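Taking it in order: structure first as structure tokens, then the write-up.
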Amino acid sequence: MKTILKNLNFRRLKLTDYIEFKSLFYSCFKKNISFNFFKWRYFEDKFSFCYGAFYLEKLIANVGMVSIKLNNTSKDRILSRHSSMVLEDYRGIGVFSELLKQAKKKIPKQTSFVVMWPNKNNFANFGIKNQNIKEKKFFIYQTSSNNNYFRNKKNYSIDELIKLKKNIINNNSFFFKNFNYFKKRYLSYRKKDYFINKFEYKRLKSFFIIKYNKNKSVISYVILDHFGSNKIISKHISNIIKNQNKIIFLSKKKINMSNSKLINTMSFKIGSLKKKNLAQKKKILSNKEIFLGDTDIFITI
């Protein structure tokens, strides 16, 4: 163990490391990852990056950091942790913890917070003390039905985002989402996977971005994101859940509905990198919305 840790080489990944990254990703998740996704997710801006641990020139661990802004008055720069993985033969000996310590040194000074989506295999927190971390649990549900067809007539191509630009306003999302965010997230990579669902109530308009999700022979629809009026968002999602089929959605609390079943839980952590942000951290999640589109859970890779 000491020999392995002593001989690890830590560095920022390059585009030319794609084959190593792809191999590690498949070993950990049994999923293929495309070069286009690798480039789009981690090399499209100067803040996002992947940081890896190499042993004998082989990539054995990785952490991906996606740059985004916080939805507050100062639009603080934050990094969201994705693609956390360690080759099975090197788990449990401190490789990932050491990797995060090294990666933390490379986080730009402009960054105030780190967002983490921990699962049962990764709990390391960049060495951030527990009192500097805020955590919240979310629940993922799916409505049950044998009909796979999304019946709502008010569905639009994702390309309609351009025409609906005026409806994309600074909403109640935890992350800052303007038109540029939605354009990059949903129009620049695999846009054929998404469509927009519209809901109107008393002259107010609400829009959900929904993913057509196919897992083997099972078709479902994932509510990924929202823009438009926040005043009718609850009515909108209730309307979809009531009238549509095979809907996957996120809930801030456990619910008891005869046509919905709990399929997974999701933890969300945000860690403060600067002492001056501790007071802000305490209320940072208050009345803010997290969406499945904020994660990589349902991105086709």
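Coordinate-derived values only; no laboratory data. Everything numeric in this text was worked out from a predicted model, so none of it was measured. We place every Cβ from the backbone using ideal geometry, glycine too, and count neighbours over all the protein chains shown.
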Point to revise | Compactness index (Cα Rg / 2.2 N^0.38 Å), the stretch 140-263 | key: 1.04
Study note, to complete from the structure: Whole-Hz Karplus couplings 3J(HN,Hα) for the stretch 222-233, θ = phi - 60° and coefficients 6.51, -1.76, 1.60, Gly and Pro as x, run 10, 7, 9, 7, 9, 8, x, 5, 7, 5, 10, 4
Review point. Taking the C-alpha atoms of the chain, how large are the radius of gyration and the largest Cα-Cα span, Dmax, in Å?
Key: 19.9, 67
Exercise for review: Note the full-extension length gain between GLU200 and ASN170 as 0.36 nm times their separation in residues minus their Cα-Cα distance, in nm to one decimal.
Suggested key: 8.9 nm
Exercise for review: Would you compute, from DSSP H runs of 4+ residues alone, the mean residue ellipticity of the chain at 222 nm, taking -39500 (n - 2.57) per run and dividing by the full residue count, rounded to the nearest 500?
Suggested key: -5000 deg cm²/dmol
Review point. In units of 2.2 N^0.38 Å, what is the alpha-carbon radius of gyration of the stretch 2-127?
Key: 1.03
Point to revise | Residues of type aspartates and glutamates that LYS231 reaches as a straight line, Cα spacing below 19 Å, ignoring anything fewer than 8 places off in the same chain | key: GLU200, GLU289
Study note, to complete from the structure: Exposure proxy check on MET1, MET116: fewest-to-most Cβ neighbours within 10 Å is MET1, MET116
Practice item. Treat every Asp and Glu Cβ in the chain as -1 and every Lys and Arg Cβ as +1, leave all other atoms uncharged, and give the resulting dipole magnitude about the Cα centre to the nearest 20 debye. Key: 1040
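Here are some pairs, LYS109/LYS192; LYS214/LYS254; LYS31/LYS274; which of them have Cα atoms lying more than 28 Å apart in this structure?
Cα-Cα > 28 Å for LYS109/LYS192; LYS31/LYS274; rest within.
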**Study point:** Sparse-neighbour loop sites [chymotrypsin sites (Phe, Trp or Tyr not before Pro); the stretch 1-103; at most 14 other C-beta within 10 Å; DSSP]
**Key:** PHE43
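Please report Rg over Rh for the stretch 1-63, where both radii come from the alpha carbon positions and Rh follows the Kirkwood definition.
On the way: Rg = 12.2 Å, Rh = 12.3 Å.
Result for the stretch 1-63 is an Rg/Rh of 0.99.
Could you tell me the calculated FRET efficiency between LYS154 and SER23, based on Cβ-Cβ distance and R0 = 41 angstrom, to the nearest 0.05?
Working: r = 44 Å, r/R0 = 1.07.
Efficiency at R0 = 41 Å is approximately 0.40.
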